Amino acid sequence: MIYFSDLDASCRIKNRKVVRRWLSQIISLKGKKLGEISIVVCSDEYLLDINKKYLNHNYYTDIITFDYTDDIAVGGDLMISYDRVKENAKQEGVLIQQELNRVMVHGVLHLLGLKDKTKEEAKKMRSAEDEALKMFHVEHCK
(Lines give C-alpha, C1' and ligand atoms only; values in the text may rest on other atoms or scores of the structure.)
Protein backbone atom coordinates (compact mmCIF):
# COMPACT_ATOMS: atom_id res chain seq x y z
CA MET A 1 0.00 0.00 0.00
CA ILE A 2 1.12 3.55 -0.64
CA TYR A 3 0.47 6.12 2.09
CA PHE A 4 0.69 9.90 1.88
CA SER A 5 1.34 12.35 4.69
CA ASP A 6 2.31 15.97 5.13
CA LEU A 7 4.56 17.00 7.99
CA ASP A 8 5.40 20.68 8.21
CA ALA A 9 4.61 21.60 4.61
CA SER A 10 1.16 21.99 3.19
CA CYS A 11 1.08 20.08 -0.05
CA ARG A 12 -1.89 18.54 -1.76
CA ILE A 13 -0.85 15.59 -3.90
CA LYS A 14 -3.60 15.58 -6.50
CA ASN A 15 -5.30 12.42 -7.72
CA ARG A 16 -3.85 10.21 -4.98
CA LYS A 17 -5.78 7.17 -6.20
CA VAL A 18 -4.30 7.58 -9.70
CA VAL A 19 -0.81 8.17 -8.25
CA ARG A 20 -1.09 4.98 -6.16
CA ARG A 21 -2.18 2.97 -9.19
CA TRP A 22 0.56 4.47 -11.36
CA LEU A 23 3.39 3.85 -8.88
CA SER A 24 2.07 0.34 -8.22
CA GLN A 25 2.09 -0.31 -11.96
CA ILE A 26 5.73 0.85 -12.21
CA ILE A 27 6.65 -1.68 -9.53
CA SER A 28 4.63 -4.47 -11.17
CA LEU A 29 6.22 -3.84 -14.57
CA LYS A 30 9.61 -4.49 -12.97
CA GLY A 31 8.31 -7.88 -11.79
CA LYS A 32 8.14 -6.80 -8.15
CA LYS A 33 5.37 -6.70 -5.55
CA LEU A 34 4.27 -3.58 -3.73
CA GLY A 35 4.93 -3.58 0.00
CA GLU A 36 4.44 -0.45 2.09
CA ILE A 37 5.63 2.91 0.79
CA SER A 38 5.18 6.13 2.72
CA ILE A 39 5.38 9.36 0.76
CA VAL A 40 6.06 12.12 3.27
CA VAL A 41 6.04 15.76 2.20
CA CYS A 42 7.96 18.19 4.39
CA SER A 43 9.87 21.48 4.32
CA ASP A 44 13.45 22.14 3.27
CA GLU A 45 14.48 22.55 6.90
CA TYR A 46 12.90 19.29 8.01
CA LEU A 47 14.56 17.34 5.19
CA LEU A 48 17.89 19.08 5.83
CA ASP A 49 17.74 17.84 9.42
CA ILE A 50 17.04 14.30 8.17
CA ASN A 51 19.89 14.61 5.67
CA LYS A 52 22.31 15.67 8.43
CA LYS A 53 21.11 13.17 11.01
CA TYR A 54 20.90 10.02 8.89
CA LEU A 55 23.18 10.63 5.91
CA ASN A 56 25.72 13.08 7.35
CA HIS A 57 25.04 15.48 4.44
CA ASN A 58 24.72 19.20 5.06
CA TYR A 59 22.76 20.31 2.00
CA TYR A 60 19.22 20.67 0.71
CA THR A 61 17.75 17.99 -1.51
CA ASP A 62 14.36 17.30 -3.06
CA ILE A 63 14.08 13.69 -1.88
CA ILE A 64 15.65 11.20 0.47
CA THR A 65 14.69 7.58 -0.05
CA PHE A 66 14.89 5.12 2.83
CA ASP A 67 14.77 1.69 1.25
CA TYR A 68 13.11 -1.18 3.15
CA THR A 69 12.73 -3.43 0.11
CA ASP A 70 13.22 -7.11 0.80
CA ASP A 71 13.01 -10.31 -1.26
CA ILE A 72 9.22 -10.21 -1.15
CA ALA A 73 8.13 -6.61 -1.54
CA VAL A 74 9.24 -3.11 -2.54
CA GLY A 75 8.92 -0.70 0.36
CA GLY A 76 10.37 2.41 1.93
CA ASP A 77 9.93 6.00 2.98
CA LEU A 78 10.12 8.78 0.40
CA MET A 79 10.87 12.03 2.22
CA ILE A 80 10.14 14.91 -0.17
CA SER A 81 10.91 18.61 0.31
CA TYR A 82 7.97 20.57 -1.03
CA ASP A 83 10.16 23.70 -1.03
CA ARG A 84 12.67 22.03 -3.38
CA VAL A 85 9.88 20.64 -5.58
CA LYS A 86 8.43 24.15 -6.01
CA GLU A 87 11.87 25.60 -6.79
CA ASN A 88 12.71 22.80 -9.25
CA ALA A 89 9.35 23.21 -10.99
CA LYS A 90 9.99 26.92 -11.41
CA GLN A 91 13.49 26.32 -12.80
CA GLU A 92 12.28 23.60 -15.18
CA GLY A 93 9.20 25.54 -16.27
CA VAL A 94 6.76 22.80 -15.28
CA LEU A 95 3.78 22.62 -12.97
CA ILE A 96 4.49 21.80 -9.33
CA GLN A 97 2.39 18.64 -9.59
CA GLN A 98 4.45 17.46 -12.57
CA GLU A 99 7.67 17.94 -10.64
CA LEU A 100 6.15 16.24 -7.61
CA ASN A 101 5.28 13.24 -9.81
CA ARG A 102 8.86 13.14 -11.09
CA VAL A 103 10.28 13.20 -7.57
CA MET A 104 7.87 10.50 -6.35
CA VAL A 105 8.72 8.16 -9.23
CA HIS A 106 12.41 8.95 -8.73
CA GLY A 107 12.11 7.59 -5.18
CA VAL A 108 10.24 4.50 -6.35
CA LEU A 109 12.92 3.87 -8.99
CA HIS A 110 15.53 4.00 -6.22
CA LEU A 111 13.48 1.37 -4.35
CA LEU A 112 13.61 -0.71 -7.53
CA GLY A 113 17.40 -0.53 -7.53
CA LEU A 114 18.20 2.36 -9.87
CA LYS A 115 21.05 4.62 -8.79
CA ASP A 116 22.04 8.13 -9.82
CA LYS A 117 25.50 8.79 -8.39
CA THR A 118 27.44 8.68 -11.67
CA LYS A 119 26.64 10.54 -14.89
CA GLU A 120 25.71 7.28 -16.61
CA GLU A 121 23.44 6.21 -13.73
CA ALA A 122 21.82 9.66 -13.65
CA LYS A 123 21.15 9.44 -17.40
CA LYS A 124 19.46 6.04 -16.97
CA MET A 125 17.46 7.35 -14.01
CA ARG A 126 16.24 10.37 -15.98
CA SER A 127 15.23 8.14 -18.88
CA ALA A 128 13.32 5.81 -16.53
CA GLU A 129 11.61 8.84 -14.94
CA ASP A 130 10.58 10.13 -18.38
CA GLU A 131 9.13 6.75 -19.37
CA ALA A 132 7.24 6.49 -16.09
CA LEU A 133 5.87 10.02 -16.48
CA LYS A 134 4.56 9.12 -19.94
CA MET A 135 2.71 6.22 -18.32
CA PHE A 136 1.19 8.59 -15.75
CA HIS A 137 -0.05 10.87 -18.49
CA VAL A 138 -1.78 7.96 -20.23
CA GLU A 139 -3.19 6.66 -16.92
CA HIS A 140 -4.36 10.10 -15.81
CA CYS A 141 -6.11 10.81 -19.10
CA LYS A 142 -8.32 7.69 -18.93
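Here Val85 meets the list (1) surrounded by fewer than 18 Cβ atoms within 10 Å (Cβ to Cβ); (2) closer than 20 Å to Ile39 by Cβ almost entirely, failing just condition (1).
Within the range 25-62, the set of residues being small (Gly, Ala, Ser), outside any helix (DSSP H, G or I) and surrounded by fewer than 17 Cβ atoms within 10 Å (Cβ to Cβ) comprises Gly31, Ser38.
State all residues of the range 63-104 that are in contact with a Leu (Cβ under 7 Å, 6 or more places away or on another chain) and either in a loop (DSSP other than H, G, I, E, B) or of a type in the set (Val, Ile, Thr) (or both); if no residue qualifies, say none. Correct list: Ile63, Ile64, Thr65, Thr69, Ala73, Val74, Val85.
For the structure I just gave you, tell me whether Thr65 is touching a Lys or Arg at 6+ places or on another chain (Cβ under 9 Å), crowded, with 16+ Cβ neighbours inside 10 Å, on the phi < 0 side of the Ramachandran plot and among the polar types (S, T, N, Q). If you could, list the steps in order and put the result at the bottom.
Working: touching a Lys or Arg at 6+ places or on another chain (Cβ under 9 Å): no; crowded, with 16+ Cβ neighbours inside 10 Å: yes; on the phi < 0 side of the Ramachandran plot: yes; among the polar types (S, T, N, Q): yes.
Taking the combined requirement at face value, the residue does not satisfy it.
Just one of the listed residues (Asp77, Asp83) is at negative phi, among the acidic types (Asp, Glu) and either touching a Pro at 6+ places or on another chain (Cβ under 8 Å) or touching a residue at least 60 places away in the same chain (Cβ under 8 Å) (or both), namely Asp83.
Please go through the range 90-111 and give me each residue that is surrounded by fewer than 20 Cβ atoms within 10 Å (Cβ to Cβ) and under 19 Å from Arg16 (Cβ atoms), ordered by number. Before you say what the answer is, go through the steps one by one.
Initial filter on the range 90-111 (surrounded by fewer than 20 Cβ atoms within 10 Å (Cβ to Cβ)): 90-98.
Passing the criteria: Leu95, Ile96, Gln97, Gln98.
When the range 4-24 is limited to residues that are in contact with a helix residue (DSSP H, G or I) (Cβ under 9 Å, 6 or more places away or on another chain) and in a strand (DSSP E or B), the one that is surrounded by the most Cβ atoms within 10 Å (Cβ to Cβ) turns out to be Phe4. The set of residues in the range 45-57 that are in contact with a helix residue (DSSP H, G or I) (Cβ under 9 Å, 6 or more places away or on another chain) and modelled with pLDDT of 95 or more comprises Glu45, Leu47. On the stretch given as the range 64-121, residues that are within 22 Å of Leu48 (Cβ to Cβ), under 9 Å from the mean Cα position of the chain (by Cα) and β-branched (Val, Ile, Thr) total 4.
The values are calculated or read from the model by the stated rules, or taken from the named source; none is laboratory data. Keep in mind that this is a model prediction, so the values were computed, not measured. Cβ sites come from the backbone with ideal geometry, for glycine too, and all protein chains shown count toward neighbours.
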